[in-house]
There are 2 protein chains.
Amino acid sequence: MPDRKSKTTGTLPSPIPRRRLGVSPCAACDVRDSALCAALSPIERMRFSEGVTILTVPAASPLIDEGEPDLYVFNVVEGCLKVYKLLSDGRRQITGFLFPGDFLGLVNSADYTCSAEAVTETRLCRISRKQFDAFFDTMPSLERRLYTFASERIAEVQEHMLLLGRKTAAERLATFLSILSRRAAEAGRPADVIVLPMSRDDIADYLGLTTETVSRTFSKLRKAKLISIDKDRKIRLLDLEKISEIAAGS
Amino acid sequence: MPDRKSKTTGTLPSPIPRRRLGVSPCAACDVRDSALCAALSPIERMRFSEGVTILTVPAASPLIDEGEPDLYVFNVVEGCLKVYKLLSDGRRQITGFLFPGDFLGLVNSADYTCSAEAVTETRLCRISRKQFDAFFDTMPSLERRLYTFASERIAEVQEHMLLLGRKTAAERLATFLSILSRRAAEAGRPADVIVLPMSRDDIADYLGLTTETVSRTFSKLRKAKLISIDKDRKIRLLDLEKISEIAAGS
DNA sequence: CGGCTACTTGACGACGCTCAAGGCTTGTGG
DNA sequence: CCACAAGCCTTGAGCGTCGTCAAGTAGCCG
């Protein structure tokens with residue numbers, strides 16, 4: 001317990017200074033208009049921000065472990081997280097990757113139902129579950145938005161269940177690339193260039209495959225001239241339409 | 001569209017008479033204390049019930065189709081539904097089975113994101129999405145409970161993603177049996193006897209397997225003396241502990 | 001009784017996994 | 001600046017689990 005705590009919260013550098021200055025950390029937040037907090041009025045956001053701590057988690061560091069008490073919820077401000085479940089023998093299923101604007105804490109139970117770990121260095125804003133829940137009573141718009149997030153999340157995981165249960169390796173990877181392409185476009189970046197922050201291992205555990213199969217399938221897509229693979233895990237989508245078709249099950 | 005409507009709502013027998021009698025259909029509802037409606041006060045329930053229609057869907061009849069406008073939400077009163085997604089070539093993933101007390105409509109988007117079909121003859125209470133949403137504004141407890149349902153649902157599908165992505169056939173089936181056993185116990189029935197309302201095909205599409213594999217795996221569990229298979233899809237769990245162990249990944 | 005559907009079982013094959021080796025990049029220390 | 005180690009990724013060979021195809025059985029209903 002003590003060493004775990006040092007691992008998860010060991011690197012909280014700047015938040016207190018910021019608050020001491022009387023400036024809400026939310027004021028300069030990059031994701032405040034897309035994240036959960038977009039539901040808050042300026043005054044509400046001010047109140048909200050009093051409970052908020054900004055923390056930075058280095059790449060490959062654990063943030064939460066399944067089974068631990070659900071003490072905090074998080075907004076991702078910058079970077080990338082992976083959320084996953086483990087079997088006792090080490091088999092792992094990554095249930096999702098979280099990017100800026102995403103909320104970690106939709107499942108509200110006594111203990112965390114998943115583990116989470118930083119993929120790249122990740123900046124988060126954190127608030128205690130207790131405080132967060134308390135805001136509900138006075139801010140119905142927050143609860144509404146939280147429900148909207150949960151609803152969208154359920155739609156997403158339904159798609160992912162279809163992928164895991166019924167799609168081939170090529171279809172899975174094509175789906176993965178399509179999703180990231182769409183997210184890139186939504187973030188205002190080009191839809192045909194994708195930077196993968198995560199390793200082949202992570203992709204495999206997200207898609208229910210092995211590293212080797214992911215690697216082979218990348219090669220297959222490359223040889224079919226559907227993608228090109230640059231340095232630094234950068235993928236160029238050469239035929240977005242065809243990739244979408246494969247993703248949908250040809 | 002017209003013929004679909006006749007299929008989904010073609011068998012609506014009793015609701016209007018009931019309302020005419022001035023008796024809320026909720027008054028005699030079997031699931032009103034476990035379903036979403038448990039969040040409502042008697043007065044609220046009265047108001048709520050004015051918008052409610054009870055309908056009965058025969059076994060194997062479609063209720064909603066993915067892509068159709070999201071016009072209604074449902075509570076299952078009696079029976080069993082399957083909710084699923086299809087690929088264009090017919091591959092199917094059942095994302096869940098719904099039983100009495102379960103809510104159909106957690107995903108709130110313009111169109112249905114899944115199809116649903118009755119497994120056995122199913123009694124449902126239906127309300128228009130529009131009316132349902134309108135209740136939120138005046139009944140915060142309803143929204144709170146809806147969020148609770150969504151939260152629990154997300155926890156469930158995370159488990160199911162682990163199953164689909166990482167578990168073996170035997171582990172999947174053992175997990176399925178464990179879940180149904182727990183539900184039976186929660187409903188006050190013995191935990192070691194399970195009646196499967198759904199076909200082997202449905203189980204296969206829920207677990208990401210084929211009928212044949214499901215059948216073979218049932219046989220394997222039977223030969224290992226972990227279960228016995230009676231008539232009428234009745235399964236006796238002979239070693240609940242061992243089944244749970246297998247479900248968890250041995 | 002015949003036909004239908006659901007389920008079971010067998011034989012075979014394929015897709016993806018396991019095991020293994022090798023290449024490439026990155027960081028570190030001599 | 002280079003040598004070396006450690007990861008990460010790729011590729012190959014062989015295997016196994018589960019899918020496919022097919023036949024057979026059992027229960028149900030007209």
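Derivation of every value follows stated rules applied to the coordinates shown; laboratory data play no part. Computed from a predicted structure; not experimentally measured. So basically every Cβ, Gly included, is an ideal-geometry build from the backbone, and we count neighbours across all protein chains shown.
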Determine how many Å³ per residue the convex hull of the Cα atoms of region B:55-204 encloses. 123 Å³
Run the quick spin-label model on B:Leu238 and A:Asp133: label points 7 Å from Cα toward the beta carbon, then report their separation in nm to one decimal. 4.4 nm
If labels are modelled 7 Å from Cα along the Cβ direction, B:Arg182 lies from its partners in the other copies at nm distances, smallest first, of 3.0
Would you list A:Asp202, A:Asp89, A:Asp232 from fewest to most Cβ contacts within 10 Å? A:Asp232, A:Asp89, A:Asp202
Kirkwood Rh in Å, taken over all unlike Cα pairs in region B:23-129: 14.2 Å
With the label set 7 Å along Cα→Cβ, A:Ser228 is separated from its counterparts in the other copies, in nm and shortest first, by 6.7
Going 7 Å from the Cα of A:Lys225 in the Cα-to-Cβ direction, what parts of region A:155-193 have a backbone nitrogen less than 13 Å from that spot? none
As an exercise, identify the GluC sites (Glu not before Pro) in region B:91-171 lying in DSSP coil whose Cβ has no more than 16 other Cβ atoms within 10 Å. B:Glu121
Could you pull the copy-to-copy label distances for B:Pro62, with points set 7 Å along Cα to Cβ, in nm to one decimal and sorted shortest first? 4.7
Suppose only helical runs count, i.e. DSSP H with n ≥ 4. What mean residue ellipticity at 222 nm does that imply for chain A under -39500 (n - 2.57) per run, divided by all residues and rounded to the nearest 500 deg cm²/dmol? -13000 deg cm²/dmol
Using the Kirkwood radius built from alpha carbon pairs, what does the Stokes-Einstein equation give as D for region B:72-128 at 37 °C and 0.692 mPa s, in µm² per second? 278 µm²/s
Among the chymotrypsin sites (Phe, Trp or Tyr not before Pro) within region B:140-183, which fall in a DSSP loop and have no more than 14 other Cβ atoms within 10 Å of their own Cβ? none
Cα lying deepest toward the dipole's positive end in the protein assembly as shown, options A:Ile235, B:Pro62, A:Ser34, charges on Cβ: A:Ile235
Need the full-extension length gain, A:Glu245 to A:Val195, defined as separation in residues times 0.36 nm minus the C-alpha distance. One decimal, nm. 15.9 nm
Please return the longest stretch of chain A lacking exposed loop sites, where trypsin sites (Lys or Arg not before Pro) count only if DSSP places them in a loop and at most 10 other Cβ atoms lie within 10 Å. A:1-224
Just tell me how shielded A:202-209 is by partners: mean number of partner chain Cβ atoms within 10 Å of each residue's Cβ, no decimals. 2
Looking only at other chains, what is the average number of their beta-carbon atoms within 10 angstrom of each beta-carbon in B:134-144? 2
Size of electric dipole in region B:59-213: Cβ of Lys, Arg +1 and of Asp, Glu -1, about Cα centre, debye, nearest 20: 320 debye
Enumerate the calculated ³J(HN,Hα) couplings along region A:65-75 in order (Karplus 6.51 cos²θ - 1.76 cosθ + 1.60, θ = phi - 60°), each rounded to whole Hz, writing x wherever the residue is Gly or Pro. 10, 3, x, 6, x, 7, 8, 9, 10, 9, 10
Here FRET efficiency (C-beta to C-beta, A:Glu66 to A:Thr148, R₀ 22 Å, nearest 0.05) is 0.30
Excluding same-chain residues fewer than 8 positions from B:Lys85, which aspartates and glutamates have a Cα within less than 15 Å of its Cα? A:Glu156, A:Glu159, B:Asp65, B:Glu66, B:Glu68, B:Asp111, B:Glu117, B:Asp201, B:Asp202, B:Asp205
Take the alpha-carbon positions of chain B, form their convex hull, and give its projected area averaged over all directions (one quarter of the hull surface) in nm². 14.3 nm²
Unit charges on C-beta of K, R, D, E only; dipole of the protein assembly as shown, Debye: 560 debye
